[in-house]
């Protein structure tokens, strides 16, 4: 069964002190799995914050220290990239809402500590999307996914433009106009998200989602995503956000109200369930009781436990077993089922399958 490596990572994140008696073989397995899950630098940061790094054997300590250096370099790179984005859009009269990792970093949230980044995500109003894209193209970004079908897929159905890559820096920027596709079953109102966003101190025109919306977006992104290469990292983000914002008693009442307003009860239910079960996220009993109102039917819940229990663990591609492969395929199909009406799902997955078969 492939769940053991993931449990070792989550246990290490929860209780770094338990790592001190680890043998080198255990460290080897843990470091490999943490790296696959994009959690090695977060694990290293947790060990360092507990004052334990100097007690770790030299060989694994070198990997942990290297991960910290890489995370710090990525932090500086993302900060520079945000500055470039702000400059590129300086003459576009629109506020820029940073999402996910860049948002955590710019407002100094614990979720940014030891986090690795793959791209920068921003949210802008749909009506200003063409103007924003034009300004970015003038400043060196270029569209990707040049196939006509892919361009149509993003621009007609999805909640974002095709990813933009900078011609010189090779950095990737995702420009969103919503947090879920226009064809998705759930349709949280982007205007409400933008209206409730909060300015970043010292950075006019840059904003982040308010605390409740940040949590809801994190959970929604994780449980509507088609692949889980960053799944445990996103769950660790959610755990950190809940621990941080949850210190304010009124947060939980506000979260429940906002969840109903944006119709995101089901992804929040899953987020609270798996953050609590895997990472020990402390949740008030009344928050769990409120989330139970959005619990799925029992058989669906059991299926989700099985699928995500097999699909979340980071496993090398050469080691993926039958159950894990089936779980990840189920997650892939489920994400598309949530994104599109049935006939559109069939058409899109058929196109993807034929394209894979045609690739050399």
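Per the conditions (1) in contact with a helix residue (DSSP H, G or I) (Cβ under 6 Å, 6 or more places away or on another chain); (2) at pLDDT below 95; (3) over 26 Å from residue 220 (Cα atoms), the sole criterion not satisfied by residue 115 is (3).
Those strands (runs of 3 or more DSSP E) of segment 68-185 in which at least 1 residues are touching a residue at least 40 places away in the same chain (Cβ under 8 Å) and over 24 Å from residue 229 (Cα atoms), considering only elements entirely within it, cover 96-99, 141-143. Screening residue 133 on (1) within 25 Å of residue 77 (Cα to Cα); (2) at pLDDT below 95; (3) surrounded by 15 or more Cβ atoms within 10 Å (Cβ to Cβ) shows it passes everything except condition (2). Of the listed requirements (1) on the phi > 0 side of the Ramachandran plot; (2) buried (at least 20 other Cβ atoms within 10 Å of the Cβ), residue 51 misses just one: (2).
Do the conditions hold for residue 355, that is, is it out of contact with any strand residue (DSSP E or B) (no Cβ under 7 Å at 6 or more places or on another chain) and more than 24 Å from residue 210 (Cβ to Cβ)? The answer is yes for residue 355.
A quick yes/no check of all residues on (1) closer than 16 Å to residue 227 by Cβ; (2) surrounded by 14 or more Cβ atoms within 10 Å (Cβ to Cβ); (3) out of contact with any strand residue (DSSP E or B) (no Cβ under 7 Å at 6 or more places or on another chain):
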position: 245; (1), (2), (3): no, yes, yes
position: 248; (1), (2), (3): no, no, yes
position: 252; (1), (2), (3): no, yes, yes
position: 269; (1), (2), (3): no, yes, yes
position: 275; (1), (2), (3): no, yes, yes
position: 293; (1), (2), (3): no, no, yes
position: 330; (1), (2), (3): yes, yes, yes
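Criterion first (farther than 24 Å from residue 305 by Cα, in a helix (DSSP H, G or I) and touching a helix residue (DSSP H, G or I) at 6+ places or on another chain (Cβ under 9 Å)) does residue 254 satisfy it? Yes, satisfied.
Can you tell me how many residues in segment 273-316 are closer than 20 Å to residue 215 by Cβ and touching a residue at least 12 places away in the same chain (Cβ under 8 Å)?
Initially, segment 273-316 is screened for residues closer than 20 Å to residue 215 by Cβ, giving 273-296, 304, 308, 312.
Pick out the ones that are also touching a residue at least 12 places away in the same chain (Cβ under 8 Å) and you get 273-276, 278-284, 286-288, 290-296, 304, 308, 312.
Total satisfying the criteria: 24.
This table checks each residue for (1) touching a helix residue (DSSP H, G or I) at 6+ places or on another chain (Cβ under 7 Å); (2) modelled with pLDDT of 95 or more; (3) surrounded by fewer than 21 Cβ atoms within 10 Å (Cβ to Cβ); (4) under 17 Å from residue 104 (Cβ atoms).
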site: 24; (1), (2), (3), (4): yes, no, yes, no
site: 33; (1), (2), (3), (4): yes, no, no, no
site: 61; (1), (2), (3), (4): yes, yes, yes, no
site: 66; (1), (2), (3), (4): no, yes, yes, no
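When you check residue 169 against the structure, is it more than 21 Å from the chain's Cα centre (by Cα) and over 21 Å from residue 218 (Cα atoms), yes or no? Yes; evaluated as a whole, the condition is true for this residue.
You will find that of 174, 189, 204, the residue that is surrounded by fewer than 17 Cβ atoms within 10 Å (Cβ to Cβ) and either under 16 Å from the mean Cα position of the chain (by Cα) or under 16 Å from residue 95 (Cβ atoms) (or both) is 204 and no other.
Please verify whether residue 104 is exposed (fewer than 13 other Cβ atoms within 10 Å of the Cβ) and touching a helix residue (DSSP H, G or I) at 6+ places or on another chain (Cβ under 7 Å), treating the condition exactly as stated. Steps first, answer last, please.
Numbers: exposed (fewer than 13 other Cβ atoms within 10 Å of the Cβ): no; touching a helix residue (DSSP H, G or I) at 6+ places or on another chain (Cβ under 7 Å): yes.
Judged against the criteria, residue 104 is not a match.
The values are calculated or read from the model by the stated rules, or taken from the named source; none is laboratory data. Small disclaimer: the values here were computed from a predicted structure and weren't measured. Cβ coordinates were reconstructed from backbone atoms using ideal geometry, including for glycine residues, and neighbour counts include every protein chain displayed.
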